[in-house]
């Protein structure tokens, strides 16, 4: 039997898997049950369980063993600035398309309905009907 462990204690997980597999084999009622081998492997994202904070000695930079690394503020600020820039470009592009500026209006297919120049797609009078 092979099992992957994403979190928790490896040894207790190995015992639990072995006990459960033995119970399942016994419940099958086989005359000659197969030999059971259990292998519990830690998944790549597995981290050792962290003891309660009272038992954790402080480490360098105030991090605790097994805690996730913090992203620097400059990386976070850069990501947010890039996201803001992309959002602004999408907002302006969407507004230009929704308002059907002359640049867009001239390139629309001929069979699409066209609005007069002074009218918008959504107006209160049309929505009220």
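Each reported figure results from applying straightforward, stated rules to the coordinates on display, with no laboratory input. No experiment lies behind these values; they were computed from the predicted model shown. Counting neighbours? That spans all protein chains shown, and the Cβs are built from the backbone with ideal geometry, glycine included.
Using 1/(1 + (r/R0)^6) with R0 = 35 angstrom and r between the beta carbons of residue 88 and residue 1, what's the FRET efficiency to the nearest 0.05? Intermediate results must be reported in sequence, preceding the final value.
Values: r = 54 Å, r/R0 = 1.55.
Efficiency at R0 = 35 Å is approximately 0.05.
Using Cα-Cα distances under 8 Å and only pairs 6 or more residues apart, what relative contact order does the range 1-49 have, in percent? So the answer I get is 67 percent. Label separation (residue 74 vs residue 27): 5.7 nm, computed from points 7 Å beyond Cα along the C-beta direction.
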